[in-house]
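To start, the structure itself, in structure tokens.
The values are calculated or read from the model by the stated rules, or taken from the named source; none is laboratory data. From a predicted model like this one, the values you see are computed outputs, not experimental measurements. Neighbour counts are summed over all protein chains in view; Cβ atoms, including those assigned to glycine, are modelled from backbone coordinates with ideal geometry. SASA here: full protein model, heavy atoms, side chains in, ligands and nucleic acids out. Shrake-Rupley method; radii C 1.70, N 1.55, O 1.52, S 1.80 Å.
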Amino acid sequence: MTNHPIKRAIISGGGTGGHIFPALSIAGELRRRNPEAEILFVGAEDRMEMKRVPDAGYEIVGLPVAGFDRKRLWRNFRTLWLLQKSMRLARKTVRDFRPQIAIGVGGYCSGPTLKAAQALGVPTLIQEQNGYPGVTNKLLAKRAEAICVAYEGTERFFPAERIHLTGNPVRASLLECTLTPGQAREQLGFDPSRPLVLVVGGSLGATTINRAIAAGIDAITASGAQLLWQTGRRDTDLAAAVTAGRKDARATEFIARMDVAYRAATVVVSRAGAGSISELQLLGKPTVLVPSPNVTEDHQRRNALALTARDAAVMVEDADAATALVPAITALIADEERCAAMSRAISMMALPDAASLIVDIAENIVANHSK
């Protein structure tokens with residue numbers, strides 16, 4: 001640990017929990033080292049960070065930025081106008097707040113914010129969660145003091161001398177849960193002696209996964225397993241209909257206590273977002289990954305392949321989920337030895353203490369910049 005705690009920092013990023021949770025973890029570590037630290041978040045004004053960040057006790061500024069439509073290019077005139085407006089607001093925000101460092105965790109808003117910081121002479125740090133980075137971080141990396149990554153092999157995209165392999169920060173609460181799996185199942189209202197399948201499709205849900213689970217719920221419970229199913233905002237009616245009156249299966253739009261849910265799980269079904277994978281690595285969970293096809297550069301599939309190459313997870317393609325997802329789940333439930341081997345393999349890929357390492361690097365940047 002350095003002896004130069006940061007007093008003022010901007011953290012920018014969001015759009016999904018995969019960006020927000022690492023940002024909050026970094027902010028938490030900054031505050032742990034310096035309780036008086038002033039931390040300002042910059043997010044996209046219509047995205048989930050505008051609620052999640054204030055709920056966590058931090059101030060946030062929203063930018064009117066939006067993503068580019070790569071399929072319908074004619075729709076991007078308004079996007080370009082919003083980008084220019086966001087750049088102006090980002091410059092004003094950085095100038096007024098006067099941060100010692102700006103940290104970008106990905107999402108639409110991190111581009112204008114870090115670009116403004118770089119133009120105004122504020123040092124920047126990028127936290128890249130995926131094995132295959134997006135266009136924004138590739139551009140920002142040219143002037144960033146450090147790029148903190150979660151996967152090896154990113155020298156293809158970033159200046160090698162500024163890359164730091166830190167892992168992705170995760171929610172501290174996930175690692176602090178001391179319940180046994182049986183205790184966690186009992187707390188959630190399930191039979192503590194029976195295995196539990198946890199299905200999480202992300203905060204918005206995943207229709208492909210939800211439909212496959214709805215069609216195969218009887219096969220899952222016939223295998224002896226119970227089901228805790230986070231549907232997201234979509235498909236709540238479908239899930240409610242197929243779980244009505246069942247004691248061995250429960251559907252919910254959102255799980256507030258993910259620490260307890262993860263602890264209870266025997267097998268997890270998840271999209272392959274970088275944040276989710278980092279959590280599963282640290283918790284050592286046997287996992288079936290269904291990469292979303294609706295992401296830039298197909299990065300979720302690349303994330304999943306990094307695990308399947310080491311027999312650390314099972315991957316089911318989104319297009320095959322209707323026929324292949326439930327059989328993959330029941331095969332794992334029936335094979336305790338394979339689950340144990342996968343748990344060991346995925347645990348070996350974990351990079352703990354990511355938030356602490358990132359803040360160490362940030363503090364060194366600030367110390368060197370102030371000389």
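Considering Leu188, Leu140, Leu82, which residue is touching a residue at least 40 places away in the same chain (Cβ under 8 Å) and among the hydrophobic types (A, V, I, L, M, F, W, C)?
Leu188
Residue-by-condition table, conditions (1) of a type outside the set (Val, Ile, Thr); (2) touching a strand residue (DSSP E or B) at 6+ places or on another chain (Cβ under 9 Å); (3) over 30 Å from Ile103 (Cβ atoms); (4) in a strand (DSSP E or B):
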| site | (1), (2), (3), (4) |
| --- | --- |
| Ile147 | no, yes, no, yes |
| Gly167 | yes, yes, no, no |
| Val170 | no, no, no, no |
| Leu198 | yes, yes, yes, yes |
| Ala219 | yes, no, yes, no |
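Taking the stretch 261-273 as the region of interest, how many residues are out of contact with any Gly (no Cβ under 6 Å at 6 or more places or on another chain) and more than 20 Å from Ala340 (Cα to Cα)? Let's see the steps before the verdict.
Of all residues in the stretch 261-273, those out of contact with any Gly (no Cβ under 6 Å at 6 or more places or on another chain) come to 261-270, 272.
Within this subset, residues satisfying the condition of being more than 20 Å from Ala340 (Cα to Cα) are 272.
Selection size over the stretch 261-273: 1.
Kindly establish whether Ala184 is at pLDDT below 95 and closer than 30 Å to Ala264 by Cα.
When the stated conditions are applied, Ala184 does not pass them.
Would you kindly identify the helices (runs of 4 or more DSSP H) lying entirely within the stretch 11-111 that contain at least 2 residues that are farther than 24 Å from Ser173 by Cβ and open to solvent by less than 40 Å² (accessible area, probe 1.4 Å)?
Filter on the stretch 11-111 gives 76-97.
Residue by residue, here is whether (1) out of contact with any helix residue (DSSP H, G or I) (no Cβ under 6 Å at 6 or more places or on another chain); (2) at pLDDT 90 or above holds:
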position	(1), (2)
Lys85	yes, yes
Arg88	yes, yes
Gly106	no, no
Cys109	yes, no
Ala117	no, yes
Lys142	yes, yes
Ala172	yes, no
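Count, please, the residues in the stretch 114-139 that happen to be in a helix (DSSP H, G or I) and surrounded by fewer than 24 Cβ atoms within 10 Å (Cβ to Cβ). Full working, then the answer.
Of the stretch 114-139, the ones in a helix (DSSP H, G or I) are 114-119, 135-139.
Filter once more, so that each one left must be surrounded by fewer than 24 Cβ atoms within 10 Å (Cβ to Cβ): 115, 118-119, 135-136, 138-139.
Count: 7.
Search the stretch 147-163 for residues being over 18 Å from the mean Cα position of the chain (by Cα) and among the small types (Gly, Ala, Ser), and hand back the single one that is most open to solvent (accessible area, probe 1.4 Å).
Ala160
Residue by residue through the stretch 164-189, note down the ones that are aliphatic (A, V, I, L, M), open to solvent by 30 Å² or more (accessible area, probe 1.4 Å) and over 9 Å from Arg263 (Cβ atoms).
Just the residues of the stretch 164-189 that are aliphatic (A, V, I, L, M), to begin with: 165, 170, 172, 174-175, 179, 184, 188.
Now narrow it down to the ones that are open to solvent by 30 Å² or more (accessible area, probe 1.4 Å): 165, 172, 175, 179, 188.
Correct list: Leu165, Ala172, Leu175, Leu188.
Out of the stretch 275-314, which residues are farther than 16 Å from Arg338 by Cα, surrounded by fewer than 24 Cβ atoms within 10 Å (Cβ to Cβ) and aliphatic (A, V, I, L, M)?
Correct list: Leu282, Leu283, Val295, Leu305, Ala306.
Could you pull out every one of the helices (runs of 4 or more DSSP H) wholly within the stretch 257-371 that has 3 or more residues that are farther than 30 Å from Thr136 by Cα and among the aliphatic types (A, V, I, L, M)? Steps first, please.
Values: elements: 258-264, 274-283, 299-308, 321-333, 336-348, 354-369.
Fully inside the stretch 257-371 and qualifying: 258-264, 321-333, 336-348.
If we scan the stretch 351-362, do we find a residue that is in contact with a Pro (Cβ under 8 Å, 6 or more places away or on another chain) and of a type in the set (Gly, Ala, Ser)?
Checked against the condition, which is being in contact with a Pro (Cβ under 8 Å, 6 or more places away or on another chain) and of a type in the set (Gly, Ala, Ser), the stretch 351-362 yields at least one hit.
In the stretch 244-256, which residue that is assigned to a loop (DSSP other than H, G, I, E, B) and modelled with pLDDT of 90 or more is most open to solvent (accessible area, probe 1.4 Å)? Walk me through it before giving the result.
Going through the stretch 244-256, the residues assigned to a loop (DSSP other than H, G, I, E, B) turn out to be 244-248, 253-256.
Now narrow it down to the ones that are modelled with pLDDT of 90 or more: 244-248, 253, 255.
Values: Ala244: 72, Gly245: 87, Arg246: 68, Lys247: 184, Asp248: 35, Glu253: 91, Ile255: 15 Å².
Among those residues, the one meeting the criterion is Lys247.
If we keep just the residues of the stretch 221-242 that are in a helix (DSSP H, G or I) and more than 23 Å from Ser276 (Cβ to Cβ), which is least open to solvent (accessible area, probe 1.4 Å)?
Thr221
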